[in-house]
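K.L.:
Please read through the structure below; I'll follow up with questions.
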Amino acid sequence: MAMTLRLTPDDEQALNLLAETDGVSKQEATVRAIHEAASRRLRQDNLRTLSADARQRYADLLNRLGQ
């Protein structure tokens, strides 16, 4: 799917830096950044879920340790 991406001059400079650093096109740098952001978000969501589960599972123990 084709799309137009409008960037500020600062964003354009950052994208150029990413592309040059990785030795890829700006299009590839954009796709990589999208994938990395999505992956990071999923990991954060999974960590929050695991943390909430552990806090619930060990709530009594955590309360006793806090006293």
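K.L.:
Helix-only mean residue ellipticity at 222 nm, the chain, DSSP H runs n ≥ 4 weighted -39,500 (n - 2.57), per residue, nearest 500. What is it?
P.N.:
Rounded to the nearest 500, it is -26500 deg cm²/dmol.
K.L.:
Let me ask something additional. Average projected area of the Cα convex hull of the chain, in nm²?
P.N.:
Approximately 7.9 nm², given one-decimal rounding.
K.L.:
Considering the chain as a Gaussian network with a 10 Å cut-off on Cα pairs, which listed residue, A54, A37, A14, attains the greatest mean-square fluctuation?
P.N.:
A54
K.L.:
What number comes out for the charge environment of D22, summing +1 per Lys or Arg and -1 per Asp or Glu over other residues with Cβ under 15 Å away?
P.N.:
Charge balance near D22 sits at -1.
No lab work stands behind these numbers, since they all come straight from the coordinates. Just so we're clear, the structure is a prediction, and the values are computed from it rather than from any experiment. With ideal geometry, Cβ positions are generated from the backbone for all residues, glycine too; neighbour counts draw on all protein chains shown.
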